[in-house]
Amino acid sequence: MLIIPAIDLKDGRCVRLKQGDMSTATVFSDDPVAMAQHWAAQGARRLHIVDLNGAVAGRPKNEKVIREMIAAVGEQVPIQVGGGIRDLDTIESYLDAGVTYIVVGTAAVKNPGFLSDACYAFPGHIIAGLDAKDGKVAGMKLTDSSGDVALDRAAWGGITASNPFPPLPSDFGGQYLALRFRFYYNPDKSELE
């Protein structure tokens, strides 16, 4: 198992949101570069950086600080970046800056063709990041009033908490794709959701 420290960025600061609500940000650090250096010094084998503003806006918003983080620790530890990545130019820009892996979340669900194009253009560098809750895929900007969205089983072969690794669509052509899932533990049910 690989445990990957996550650094979530909002307005250039390290934060944690309560259930994905941008208005509930708790600031943990005003210095994301120092936080990246901290995790690298602690022996992290990879860093996961999320541009929360970018995820909401649909395009990178914390790119400057992310590039500073890459410059500080990118030689020591592989970095994966997500949040607001909706086009191949953004992927290429991040990879050129030294990012190792790109996490495609919202766009993977809303536009599977984009995910396929990204896998072909950048084999071995794309991660589809999907969060599961209550047996459904959950994510920012994909939510209904309950906070969840159910995917069409045909579109993703039925990715759920109980079936997290179904076959990928045939048009992925064997390109390298990693899937990242975040499941939530429900202590009331003693099971993963």
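Read the figures in this text as sums done on the coordinates, not as results from a lab. Here the structure is a predicted model, which means the values were calculated and not measured. Quick reminder, even Gly has a Cβ in these numbers, built from the backbone with ideal geometry, and neighbours come from all protein chains shown.
If packing is taken as the mean number of other Cβ atoms within 10 Å per residue, what is the order of 10-21, 91-102, highest first? Could the numbers behind the result be given before it?
Working: 10-21: 15.4, 91-102: 17.7.
Packing order, densest peptide first, comes out as 91-102, 10-21.
Residue order for 26, 106, 90, fewest other beta carbons within 10 angstrom first, comes to 26, 90, 106.
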